[in-house]
1. Does residue 259 count as farther than 25 Å from residue 234 by Cα and not in a helix (DSSP H, G or I)?
2. In this structure, does residue 230 turn out to be within 25 Å of residue 358 (Cα to Cα) and either modelled with pLDDT of 85 or more or not in a helix (DSSP H, G or I) (or both)?
3. Being over 20 Å from residue 149 (Cα atoms), of a type in the set (Ser, Thr, Tyr) and crowded, with 17+ Cβ neighbours inside 10 Å is the filter here; which residues of the stretch 68-112 pass it?
4. For the stretch 47-137, which strands (runs of 3 or more DSSP E) that fit wholly inside it have 2 or more residues that are aromatic (Phe, Trp, Tyr)?
5. Can you list the helices (runs of 4 or more DSSP H) lying wholly within the stretch 284-375 that have 2 or more residues being in the same structural domain as residue 30 (by TED's automatic domain parsing) and at pLDDT below 85?
Amino acid sequence: MIVFKCYMKILRQNVTLVIIYLGIFFSVALVMQMAAGKSEDSLYANTSIDIGVVKEDQGVLAQGFVDYLNTIHNVIPMKNNPEVLQENLFYRNVEYIVQIPDDFYEACIQGNQPLKVTKVPGSYSSYYVDQQISSYISTIRTYVTAGFSQEEAVQAVKTEVHKPVTKISSDSASSDLVPYTYYFRYIPYLFLGALCYTMGYILMAFKKGDIQKRMEASAISVRRQSLQGLLAMGVIGAILWLLGILGVVLMYGNTFLNSELCGYYIANTLLMLVVSLSLSYLIGMFIPNSNILSGVANIVSLSMCFLCGVFVPMNIMDKSVLKVAKFLPVYWYEQVNEILSRHHSLTPELLGKVHLDMGIEVLFAVVFVCLILAVSRYRKEG
């Protein structure tokens, strides 16, 4: 097992690099998961802003309108002084200013005259308040037109009950991503980055001086050397894969283990590991020194991750970019991950798509292995 021990010795010398990649991976996964951890329900919750109100009308409708705004936002009473109003808006003491004229009922309710408002340029919250004001005035106008008195119209608006929106989803699908979505989305970056460096350094070590010629002349057959090398690669890959799976178990526990799709996640990451191992070995065969290795490893890992939906979700990527990404193995891994992350169970149609995408990953691994064998044979004959 001399060749195997040599692989492990070189790995130990570069273990710091693997630890760095693990640290980057877990940090990025945690940060992105925390940033996207809000559910869709919380994303559409009411938001309060500071609103300045200049109320010149002392009537019931004007007061009811102010009370309505105060139930949603932080209302700040202000005087009708243009300089003071501009100053408060400039220093962002308020984001929105609404002026209620002294003839509010006649001008705005009966006469359809819009309220005078001043808002922060380009503020998305201003459109939110515009819609609320328009909705309130339209509702009051409807009640008054129907014969309600001003007091009754204001009271009717206050007592309106709005039923909460219920999100309906089937047992097999959900618009919400599962908690560990981003963890598995970033797995290819860990595998590609760590393995490209590791395999590159190992293969470079065997190219130094006359080591290759000595190995060919040694008592250990080429077949045994190859088998020990494959065993070492398998052990290195298995350790990295187990660390990745252990990470998701520690971070998400039973939430992940009790999922019906847990096995598919594990199988998909295992296929990605095999692809990464074969690709990193193929790249390592052409790397002459550590300087080139650093550049090539970064280009391969980062470019694949950017093009194939690891760092940027595929649903917001340009279609022309995705057409190119289809020629890369990470794209098909992310396709599977996207299906698994949005469904609690798989229909026969989805199951067929998952199997197809996983099959394409296997084909990529087979192609890389064939290229490795072809390059190795060419070099021996040369």
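1. Answer is yes for this residue.
2. Here the answer is no, as residue 230 does not meet what is asked.
3. Of everything in the stretch 68-112, just one residue is over 20 Å from residue 149 (Cα atoms), of a type in the set (Ser, Thr, Tyr) and crowded, with 17+ Cβ neighbours inside 10 Å, namely 96.
4. none
5. 290-307
The values are calculated or read from the model by the stated rules, or taken from the named source; none is laboratory data. Bear in mind that the values here come from a model prediction, so they are computed numbers and not experimental data. Methodologically, a virtual Cβ is constructed for each residue, glycine included, from the backbone with ideal geometry; neighbour enumeration extends over all protein chains shown.
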